[in-house]
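Visitor: The structure under discussion is supplied below as structure tokens; questions concerning it will follow.
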Amino acid sequence: MAEQTTESRKQARLAILELANMISVPMSLNAVVRLNVADAIWEGGSNAPLTAAQILARVIPDGGGDAENLQRVLRMLASYGVFEEDIGSGERKYSLTEVGKTLVTDEHGLSYGAYVLQHHQDALMRAWPLVHEAVVDPSKEPFERANGEGAYDYYLKKPEMNELMLKAMSGVSVPFMIALLEGYPGFQNVEKLVDVGGSGGDCLKMILQKYPNIKEGLNFDLPEVVAKAPQIPGVTHVGGDMFKFIPQADAIFMKWVLVTWTDKEIKHILQNCYKALPAGGKVIACEPVLPENSDDSHRTRALLEGDIFVMTIYRAKGKHRTEEQFKQLGISAGKGYRCKEDEDCPIPWCRPLLSVCTNHQCICMEV
Ligand SMILES: C[S@@+](CC[C@H](N)C(=O)[O-])C[C@H]1O[C@@H](n2cnc3c(N)ncnc32)[C@H](O)[C@@H]1O
């Protein structure tokens, strides 16, 4: 018993040290994205195990750099499943795991790398030491305390942040939309669709490609955001503020928009959605959905960590919500709610989708 206690205390001390040093993980991930290590290893699909010196020669072709320090970073990230470490030949060599492959640039110039960079920009990093302030006084976000204004306003004044946000959203949204469109039939009878908070318009573009019945697609986002959006056939970019007005359509699509707002703000957005819709129209909202119970799975952790990200960067009372919380919000906004457990719900694919997209699930509210 005494021995067990000693062993469990030793494990506890190791666990707290691991947590205290955890910042090394995202910052090293940020470093390998900055250095473009994933593309260097991938090299058109070979993914052959390479030493740190070989990888360094690819990321800094003119020479220089410190292979030992790169190896330290790769080795630590291998322990988190980003790289596969091979020491069979007597040298440490690294290839990409499935996780590491998400950082490889695809044929459209996209990867999850921009999302990693977007989360670790200086302005966001300044907010993190202030998380406790969101507990003491949630009337002001840690991001605003650190930078003098809210995140979206701040991004809009900095073209490079605005552009990185667009790229980050494209990088994570395209794979999500491929999975969604494989299973979700809810766009079948829609002729006019608006994507609220649609960023560069990637989601709408993909929906329109699959559903030619949609004759008109409106990509609605802040004016500064749509000003940078690319031209997309069939898509009209509309600049505006969803708290003031949402363009009329048969259906409204919204992905990863509600999550950054408070309950009161969501009620306001949903009421503006309902004003824009005819009877029988619908709001298709894709948002992270928190499980009721906490556990240490990747999905639950990704959701709970994302929840703290929202609290720190966007809204101290914006949050990831459970399905029941979404249901109550839909009802409080004055309309019904159809959830995946409703036998009439058109989205029986919710559960399969979950296994594809590790941390997202769809809810559907009909007017
Ligand atoms: C997390 S991003 C999601 C982007 C896109 N839906 C996707 O999933 O790729 C949230 C989007 O909401 C937009 N947004 C923020 N405030 C807004 C407002 N008041 N009116 C319209 N869009 C807004 C942001 O500019 C951003 O593009």
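Visitor: Describe numerically, in nm with one decimal, the distance between label points set 7 Å from Cα along Cα→Cβ at residue 137 and at residue 152.
Guide: 2.4 nm
Visitor: On average, how much area does the Cα convex hull of region 156-221 cover when viewed from any direction, in nm²?
Guide: 4.4 nm²
Visitor: List the GluC sites (Glu not before Pro) within region 239-327 that fall in a DSSP loop (any state other than H, G, I, E or B) and whose Cβ has at most 15 other Cβ atoms within 10 Å.
Guide: 292
Visitor: Kindly state, to the nearest 0.05, the FRET efficiency for residue 62 paired with residue 160, given R0 = 35 Å and r defined as their beta-carbon distance.
Guide: Plugging the Cβ-Cβ distance into 1/(1 + (r/R0)^6) gives 0.90.
Visitor: Would you kindly give the portion of the calculated P(r) for region 173-262 that falls above 15 Å, as a percent of all Cα pairs?
Guide: 56 percent
Visitor: Would you look at the GNM of the chain, springs on alpha carbons closer than 10 Å, and say which of 320, 268, 132 moves the most?
Guide: Among 320, 268, 132, the largest GNM mean-square fluctuation belongs to 132.
Visitor: Another question, if that's okay. What does the convex hull of the Cα atoms come to per residue for region 2-101, in Å³?
Guide: 122 Å³
Visitor: At 0.890 mPa s and 25 °C, plugging the Kirkwood radius over alpha-carbon pairs of region 121-238 into Stokes-Einstein gives what diffusion coefficient in µm²/s?
Guide: 153 µm²/s
Visitor: Another one. Which of the lysines could be linked to residue 244 by a straight reach, that is with a Cα gap under 18 Å, when you skip same-chain ones fewer than 8 residues away?
Guide: Here the lysines satisfying the reach criterion relative to residue 244 are 264, 267, 275.
Visitor: State the Kirkwood hydrodynamic radius of region 74-146 in Å, one decimal place, computed from all pairs of distinct Cα atoms.
Guide: So the Kirkwood estimate lands at 15.2 Å.
Visitor: What's the local net charge at residue 201, with K and R +1, D and E -1, over the other residues with C-beta under 9 Å away?
Guide: -2
Visitor: Let me ask you something else. Quick one: angle between helix 2-20 and the longest Cα principal axis of the chain, in degrees between 0 and 90, rounded to 10, please.
Guide: For 2-20 against the chain, the angle is about 70 degrees.
Visitor: Just the projected area, averaged over all directions, of the convex hull on the alpha carbon atoms of the chain: how many nm²?
Guide: 22.5 nm²
Visitor: Near residue 172, within a Cβ-to-Cβ distance under 13 Å, what is the net charge of the other residues, with Lys and Arg +1 and Asp and Glu -1?
Guide: Here the charged neighbours net out to 0.
Since every read-out is calculated from the coordinates, none of them should be taken as a lab result. Just so we're clear, the structure is a prediction, and the values are computed from it rather than from any experiment. Using ideal geometry, Cβ is built from the backbone for each residue, glycine included, and neighbour counts are taken over all protein chains shown.
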